[in-house]
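All remarks here apply to the structure that follows.
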């Protein structure tokens with residue numbers, strides 16, 4: 001089994017916020033692999049378990065390979081994300097290599113994705129709590145860039161705010177690339193996924209310039 005966890009905050013007020021892009025990647029992946037309908041609502045179909053919302057099922061990875069996915073959105077809010085991750089990982093007795101955590105990243109340009117085998121929390125409270133719960137920083141993660149916060153805007157207000165129209169144009173294709181990266185990670189491992197998708201940062205298309 002592969003445990004794929006998107007971090008975010010539950011509640012209607014957080015839907016579409018920059019901090020919830022991990023939830024959006026899980027939604028996109030679930031639809032892509034057929035665990036929910038293309039236009040279905042993940043949260044409505046998910047079961048409540050492991051302090052989160054979860055959907056699981058067999059997924060075809062191509063070349064005759066199949067893997068069971070457990071897609072999880074913690075309901076603990078961002079700062080306590082580790083509780084849900086550890087609950088699911090411990091129940092199925094999974095190794096850290098069978099886990100990947102999806103988060104937003106202020107240090108990356110909006111729409112860029114980065115797959116890594118390990119790393120520091122980098123100031124991200126969700127990753128910090130996952131590291132605390134697992135007792136290690138050595139576990140795969142997929143970061144989705146949301147741009148650095150503009151000057152004179154509080155970081156909390158920025159990450160909890162919604163994407164601008166221009167940013168949303170960049171995030172939409174990034175969600176699809178992230179889903180593809182997760183499938184490759186499940187099939188061939190973290191190195192293959194990072195080699196294939198970390199180099200695609202420059203493939204983020206520039207938004208059309210508006211007429212002056």
- prompt: What number, rounded to the nearest 500 deg cm²/dmol, is the helix-based mean residue ellipticity at 222 nm of the chain, given -39500 (n - 2.57) per DSSP H run of at least four residues and division by all its residues?
  reply: -10500 deg cm²/dmol
query: Using the beta-carbon distance between residue 65 and residue 153 and R0 = 45 Å, what value does 1/(1 + (r/R0)^6) give for FRET efficiency, to the nearest 0.05?
result: 0.50
R0 of 30 Å, Cβ-Cβ distance residue 162-residue 188: FRET efficiency to nearest 0.05: 0.30
- request: Only one of the values [x] 14.1; [y] 12.2; [z] 10.6 was calculated from this structure for mean projected area of the Cα convex hull in nm²; name its label.
  value: [y]
task: Take the alpha carbon atoms of the stretch 134-153, find their center, do the same for the stretch 1-59, and report the distance between the two centers in whole angstrom.
output: 19
query: So what is the relative contact order of the stretch 1-119, in percent, for Cα pairs below 8 Å that sit 6 or more residues apart?
result: 35
Distance between modelled label sites at residue 38 and residue 137, nm, 7 Å Cα→Cβ extension: 4.3
- request: Evaluate the relative contact order of the stretch 2-203 (contact order divided by residue number), counting alpha-carbon pairs under 8 angstrom at least 6 apart; express in whole percent.
  value: 26
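Here, each number is a calculation from the coordinates, and none is a lab measurement. Bear in mind that the values here come from a model prediction, so they are computed numbers and not experimental data. Ideal geometry is used to build each Cβ from the backbone, glycine not excepted, and the neighbour counts take in all protein chains shown.
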